[in-house]
Amino acid sequence: MKKETNITQISLKSIKKGPVVWLTGVIHGDEHGGKVIIENVFKKIKRSGLIKGELYAFPLINKEGFKKDLRLIPQTKEDLNRCFPGNKKGSLGKRMAYIISKKIMKTKPSLVIDLHNDWKNSICYVVIDPIRSKELKNKVEKIAKNTGVVCVREKNLKYNYNSTLSGHFISKNIKSLTIEMGGNSKKKNIEIGTKVVFNILMDLGMVKKMKKYVNNKKLKNQIFDYFEESKISKKGGIEFLVKPGDFVKKGTKIIKIYNEKNKKQFYIFKAKESGVVLGYEDLNIIKPGMPMIAFGVSKTL
């Protein structure tokens, strides 16, 4: 049982005191990018040195899920990112979450960054959980705005956000955010994710200054609201009329739904608000209730 909850931890420490930052990867076993990004970050810092502070990581949290390329914990079918704050005597997922929280809290973290892969067709973006404290909210948003990629704010969640890794640490008044990358197979997503982490570490003064990655200068100081389109009444073929990263105005045609047999169009989805396309499912056929496309929306664009 102890072996099941054994999670590999790595760290780098400077002789100079500074921020304590955590990176976590592969909490979902089918999202491999976080592991590679953490390995890249540690490899580069070992060469150049950590100027100040401490950097810790769990590169491979859901080891069994990773082996089987499954999102959930294979033994219990639990979503580990819905198991926080955890329980020392609970299910496997609850015990793992308890250990992760305990080990991170022991180091008195300044910032926790959880790394994920999004849909295959998506851009890299940063997710901010709901934050009640205005002071903490301002601090997290300041970090997010300087990552160089799109920032979105979670709203209207269908689950308890405190049950996620990032939401759990937010509830403990610790700065935390999630970095969502595109699909596992794209090398470009790994490169961007690595640059985003270095942007954060540079701003904290933990690594030497270098040219910062900026996806789009128009995005600076802009935080969007997350919105996912999934309302369809019947099964049909699907054609996306926009691409991840596109900026669209309210009313723009974004999705065409058509009859599978005769290819006749029977519905067109239009953007409900102006914003940026975050990504969409790799689908040819869509069924009622299935998520289709995600946006970062803003009424100020």
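The sole residue among Lys134, Lys68, Lys142, Lys52 that is assigned by TED's automatic domain parsing to the domain that holds Met181, in contact with a Ser or Thr (Cβ under 9 Å, 6 or more places away or on another chain), over 23 Å from Tyr159 (Cβ atoms) and charged (D, E, K, R) is Lys52.
Condition check ((1) at pLDDT below 95; (2) closer than 15 Å to Val26 by Cβ; (3) of a type in the set (D, E, K, R); (4) crowded, with 16+ Cβ neighbours inside 10 Å) across all residues:
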residue	(1), (2), (3), (4)
Lys68	no, yes, yes, no
Thr107	no, no, no, no
Ile113	no, yes, no, yes
Asp118	yes, yes, yes, yes
Ile128	no, no, no, yes
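Considering segment 254-301, the residues that are buried (at least 16 other Cβ atoms within 10 Å of the Cβ) and β-branched (Val, Ile, Thr) include one that is nearest to Asp129 (Cα to Cα), namely Val297. Selection of segment 236-264 for residues being over 25 Å from Gly148 (Cα atoms) and aromatic (Phe, Trp, Tyr) yields Phe240, Tyr258. Name the residues in segment 146-173 that are in contact with a strand residue (DSSP E or B) (Cβ under 6 Å, 6 or more places away or on another chain) and not aromatic (Phe, Trp, Tyr), would you? Correct list: Thr147, Val149, Val150, Cys151, Val152, Arg153, Glu154, Lys155, Leu165, Ser166, Ile170.
Taking segment 205-238 as the range and being of a type in the set (A, V, I, L, M), assigned to a loop (DSSP other than H, G, I, E, B), touching a strand residue (DSSP E or B) at 6+ places or on another chain (Cβ under 8 Å) and modelled with pLDDT of 85 or more as the test, only Met206 passes. Among the residues of segment 1-26, the one identified as among the β-branched types (Val, Ile, Thr), outside any helix (DSSP H, G or I) and either out of contact with any strand residue (DSSP E or B) (no Cβ under 9 Å at 6 or more places or on another chain) or without any contact (Cβ under 8 Å) to a residue 12 or more places away in the chain (or both) is Ile15.
The values are calculated or read from the model by the stated rules, or taken from the named source; none is laboratory data. Treat the numbers as computed from the prediction; the structure is a model and nothing was measured. In this analysis, Cβ positions are derived from the backbone assuming ideal geometry, glycine residues included, and neighbour counts consider all displayed protein chains.
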